[in-house]
Amino acid sequence: MRFLARSTIAGLACAVLVVSSAQATIIYDGPSAAMATDQSFTLNFNSGASTSELSFILDGYGSLDGKNAYEDDFSLKLNDKQVFLGTFNLGGGSNSGSQANVYSNPFGASLSNPTNNGTGIGWNGGKETFTFAGLPLNVGLNTLTFSYLSLTGDHAGFQGLGDEGWGVEKVEASATPLPPTWTMMLIGLGGFGWLTSRRKKERAFAVA
């Protein structure tokens, strides 16, 4: 599978990576620079497959908040469609009783928190790992958009990099392999097509 990746922060081009591999491909190694919670991070890549596994690490800096009065929400979009929305205690605490609160996860991403942030305020950041078993891709150009939003209204709103920040790293994708039954079916269809073509040729030769 062939990927062409270009990362942008708030619309500014940062890097270009071209690789080819049948296995997991690093779209962006990172880590990115720390970003404020009013910034987005975009990766463009080309794919030859229509379905892909995807994994990455979300980095939190300072007191990046989970579900509380200072809540910061993380969003991931693929080709402008939301594939994840949630909030994590990555240094700023959570009063929900959970380190992670997921609001939208239509493709069933699995999550883990290797820094064991819990629900307390640590001011020491943290990491959240994401793994999607299968995301629908365009055959050709695809765009991943990572972003954060500090909630307003009855929440504190934007606090700035002096208080909290975020970033991403180790963004990897790989084509989802076909199940064995599908693989054998395709092989069988290919063989049937070859045999049918040969019989047509033989029949045409016999008639002639």
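Provide the net charge surrounding VAL168, with neighbours chosen by a C-beta distance below 12 Å and charges set as Lys +1, Arg +1, Asp -1, Glu -1. Before the final figure, lay out each step's value.
Values: positive: LYS127, LYS170; negative: ASP29, ASP59, GLU128, GLU169, GLU172.
Counting the neighbours of VAL168, the net charge comes to -3.
At what distance in angstrom do the alpha carbon centres of the range 62-103 and the range 120-150 lie from each other?
Answer, in whole Å: 11.
Under 14 Å between alpha carbons, and skipping anything fewer than 8 positions from LYS170 in its own chain: which aspartates and glutamates qualify?
Within the straight-line limit of under 14 Å, LYS170 reaches these aspartates and glutamates: ASP29, GLU53, ASP59, GLU128.
First measure r as the distance between the Cβ atoms of ALA49 and THR129, then evaluate 1/(1 + (r/R0)^6) with R0 = 25 Å and state the FRET efficiency to the nearest 0.05.
Once the sixth-power term is evaluated, E becomes 0.65.
Please list, in order, the residues from the range 37-68 whose amide nitrogen is less than 19 Å from a point placed 7 Å along the Cα→Cβ vector of ASP80.
Answer for the range 37-68: 40-47.
For the range 2-177, what D do you get in µm² per second when you plug the Kirkwood radius from alpha-carbon pairs into Stokes-Einstein at 4 °C and 1.567 mPa s?
The diffusion coefficient I find is 80 µm²/s.
Taken together, the values in this text are just the output of simple stated rules run on the coordinates, not laboratory data. Everything quoted here is computed from the prediction, not taken from an experiment. Every residue, glycine as well, gets a Cβ built from its backbone with ideal geometry; the counts of neighbours run over all protein chains shown.
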